[in-house]
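Below is one structure, written out as structure tokens; comments come after it.
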Amino acid sequence: MSPDRAQDRSHDCPILHVDMDAFYASVAIRDRPELHDVPVIVGGGHRGVVLAANYPARRHGVRSALPMTRARRMCPEAVVLPPDYDEVESVSSSVMEIFRQVTPVVEAVSLDEAFLDVSGSWRRLGTSREIAEHVRARVSDEQRVTCSVGVAGSVSVAKLASRRAKPDGVVVVPPREVTAFLHPLDVGELYGVGEKTREQLHRLGLRTVGQVAHTPVATLQRGIGAAAGAHLHHLAWGTDRRTLTPRRPTHEPDRSMGADETFGRDTDDRAVVVRELLRLTAKVTHRMRTAGVAGRTVTIRVRFSDFTTITRSRTLPDATDVTGEVHATAVGLFDALGLQRARIRLVGVRVEGLVPRGSVQRQLVLGARERGWEDADRAVDAAASRFGGGAVRRATLLLGDRP
DNA sequence: TCTGGGGTCCTAGGACCC
DNA sequence: TCTGGGGTCCTAGGACCC
């Protein structure tokens, strides 16, 4: 090992966490230099939240997930742009391709984040730090957006390191420096510790990661639950041994698929809800059929104007991907709530317990009616793939209440 | 005009079965 | 003849992540 490499020690650090900087905003302004130094917020329009804010906007306190109304109030001079999902996806897949040219062991977390295990690339590409800089240079040169990279011996530490590296930097945390790096951090920095758990831990007198590390596991488990407590203790010592899974094995489908939507205005009209449930169901079952999966458990979600949210679910005798069946189940669950004039903000449909469609053995022979629905679904799918998603809609979706 | 939409995993109680 | 004890499925809720 050359002195150079001994010094940067990144052979102890096979894991890279690459995180794009303010991704949706960076993509939106990459061809608009006049916007680089002014606050830019990317967000959904109506009743939406901030998807991304560039660094000038962040200086005003604007961050992801903030309600757009508050964001505009905090930074009235900001340029607000709608997200360009197609463009973001295109940049994302190009960036992921760069990662895969560095190592085959790439676990994409989301459009803007991935873990890389580069231990097989050292001979070819140099130390982990050098590989991190190589990745950053390529992403910047080829896609004109920046990213930050955390380098460490484990997934959880690499993740925290990339946050420290932001924006547009690299942070390497070799094993011998892990506790010094982790222990001063606020517990809320740990992966899996959100607002609620952070508050619980604070009530137990635990504010820093170091304090959590020196708390008996049993105490943590009593405070926040068996699984979370044990996991947290590992995270606090940086001894999380999770390895990367390049992608979910193909024989293993997603566990659930769903869709929900916030109404433009709260509603207490059953007909509006039923129609929305149909639209959402059609969207979900179409995705299911495209993925070749069917599911048994149908769950609806209802959020009221005061933001309280309930779910109701029903498990069917057989897995289905049929729009009519899922919709009928969803409407049955909704009607069983017996709501009178409750103001509803959002409804959603989710199908769980997904299995490959080919494995579904129906116990009962399909009646003519179900068979008819399946044929109708296939016709809708075919038309959608030929003419685009909006080409065919069920008749009830065409009635009334269009803006 | 406060608070999106896509998911995953965990917990807890009751039913049901052996 | 006091009522054990698992294991699994179902349902509802909640926390969390990006």
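Does region A:207-214 include one or more residues that are assigned to a loop (DSSP other than H, G, I, E, B), more than 16 Å from DNA strand B (Cβ to nearest atom) and not acidic (Asp, Glu)? Checked region A:207-214: at least one residue is assigned to a loop (DSSP other than H, G, I, E, B), more than 16 Å from DNA strand B (Cβ to nearest atom) and not acidic (Asp, Glu).
When A:LEU160, A:LEU220 are checked against the criterion of being assigned to a helix (DSSP H, G or I), touching a helix residue (DSSP H, G or I) at 6+ places or on another chain (Cβ under 7 Å) and modelled with pLDDT under 95, a single residue qualifies: A:LEU220.
Quick one: would you say A:VAL187 is among the aliphatic types (A, V, I, L, M), crowded, with 16+ Cβ neighbours inside 10 Å, over 30 Å from A:ARG345 (Cβ atoms) and touching a residue at least 24 places away in the same chain (Cβ under 8 Å)? It is true that A:VAL187 is among the aliphatic types (A, V, I, L, M), crowded, with 16+ Cβ neighbours inside 10 Å, over 30 Å from A:ARG345 (Cβ atoms) and touching a residue at least 24 places away in the same chain (Cβ under 8 Å). For region A:239-258, taking the residues that are crowded, with 17+ Cβ neighbours inside 10 Å and modelled with pLDDT of 95 or more, the one that is nearest to A:ALA342 (Cα to Cα) is identified as A:GLY258. Quick check on region A:206-220. Is at least one of its residues basic (Lys, Arg), surrounded by fewer than 19 Cβ atoms within 10 Å (Cβ to Cβ) and outside the structural domain of A:ASP377 (by TED's automatic domain parsing)? Yes; the residues of region A:206-220 include at least one that is basic (Lys, Arg), surrounded by fewer than 19 Cβ atoms within 10 Å (Cβ to Cβ) and outside the structural domain of A:ASP377 (by TED's automatic domain parsing).
Give me the residue from region A:92-103 that is touching a residue at least 12 places away in the same chain (Cβ under 8 Å) and out of contact with any strand residue (DSSP E or B) (no Cβ under 9 Å at 6 or more places or on another chain) and, out of that set, farthest from A:GLN143 (Cα to Cα). Out of the qualifying residues, it is A:ILE98.
Scanning region A:152-162 for residues that are touching a residue at least 40 places away in the same chain (Cβ under 8 Å) and either in contact with a Phe, Trp or Tyr (Cβ under 7 Å, 6 or more places away or on another chain) or within 19 Å of A:TRP237 (Cβ to Cβ) (or both) gives A:ALA152, A:GLY153, A:SER154, A:VAL155, A:SER156, A:VAL157, A:ALA158, A:LYS159, A:ALA161. Of all the criteria given as (1) under 22 Å from the mean Cα position of the chain (by Cα); (2) more than 28 Å from A:ALA114 (Cβ to Cβ); (3) within 12 Å of DNA strand B (Cβ to nearest atom), the one not satisfied by A:ARG255 is (2).
The values are calculated or read from the model by the stated rules, or taken from the named source; none is laboratory data. This is a predicted model, so every value here is computed, not measured. Note: ideal-geometry Cβ built from the backbone for every residue, glycine included; neighbour counts use all protein chains shown.
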